[in-house]
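Read through the structure below, which is laid out as structure tokens, and then see the notes.
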Amino acid sequence: MAKPNDSNPLEPEVAPDSAFATELTAVSPDSLSALLVDSRLDETHLQLLLERKDLPGTFLQEVAKRRDLLRSYKIKRLLAFHPHVPRLIALRLVRELYLMDLVKLSQSPLTPGDLQRVAEEQVISRLTQVPLGEKIALAKQASARVLGALISEGHARVSAPALNNPRLTEAQVLKVLSKEKLTADLLASLGRHPRWSALPNVRLALLRHPHAPLELAPKLLSHLNLVDLQSLVKLKTISMAIRRHIEHEISRRMSDARPNPAKDLPQE
């Protein structure tokens, strides 16, 4: 599907300058249906009409029934973004939106939560066909769920901006770390990241991962308490190399905690 232009999805590219255009902005909602059979109504005028936020769902439904009108991607896009579009129509149209329009729809405060989720799922389902350059752009502006999917792919040029994206959440990072097929480079990037490596749950999830790089162990283990270390060492999923580091850390701390009688002897 061709890449759309960067114009505002809710703004017609050409603003018609005519008496009919003025009429469209002023006509009452009760008289809207008559406009659909008005010979003066072309695509540009319909775009202007769909800009109105007071259009009722019944009128939008009538527009959606007109296959001749829906041949235009601009009209489909304006319908999908309209705050009063009926849910079933929106769900149908969202599958026909371009990738970056889906991203905008998923983040619009006017989009209902269930439609936001559908838009995100559409983006995620298309990621295998998205070129690297577009994935990098997505990593800088997508929602948390999409960011998690991008990070899971393990491409360094994509995961780096995704990990720095303020929209990314701890829940999505933990969801990524629950997947077994992650690259060691990605795990190392998470372990070095100043934001994510500072979170206790992320540290534990990194150490629990079967492919956790050995280089992460000293830094991550130093931040865990003894109870966490003792629970972690019992897990079967951790690698043998990480397990040895944990056992050594437990032994060191227990040794440090034991009283040293020599220190209590009186000095001569």
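Every number here is computed from the coordinates shown, using simple stated rules; none is lab data. All values derive from a computational prediction rather than experimental measurement. When we count neighbours, we look across all protein chains shown, and the Cβ atoms used for this are built from the backbone with ideal geometry, even at glycine.
Tabulated values for the structure
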read-out	value
Gln230-Arg117 FRET efficiency (beta carbon distance; Förster radius 35 Å; 0.05 resolution)	0.35
Spacing of the two label points (7 Å from each Cα toward its C-beta) at Ala21 and Asp42, in nm	1.2 nm
Cβ-placed point charges (K, R +1; D, E -1), dipole of segment 181-257 about Cα centre in debye, nearest 20	160 debye
Set of lysines with alpha-carbon distance to Lys53 below 17 Å, sequence-local pairs under 8 removed	Lys74, Lys76
From the C-alpha gyration tensor of segment 181-257, square roots of 5λ in Å	20, 14, 10
Relative contact order (%) - criterion: Cα under 8 Å, at least six apart; region: the chain	9 percent
Given (i) 48, 37, 34; (ii) 108, 35, 29; (iii) 69, 42, 30, the label whose value is Cα extents along the principal axes in Å derived from this model	(ii)
Estimated [θ] at 222 nm from DSSP helical runs (n ≥ 4, -39500 (n - 2.57)) normalised by residues in the chain, nearest 500	-16500 deg cm²/dmol
Positive-end residue, the chain charge dipole about Cα centroid, Cβ charges, pick of Pro29, Leu115, Ala241	Ala241
Cα-only radius of gyration and Dmax that characterise segment 112-157, units Å	10.4, 33
Most mobile of Ala257, Ala156, Ala64 in a GNM of the chain (Cα contacts under 10 Å)	Ala257
Between segment 72-109 and segment 186-251, the Cα center-to-center distance that results, in Å	43 Å
Cα lying deepest toward the dipole's positive end in the chain, options Leu48, Ala257, Ala205, charges on Cβ	Ala257
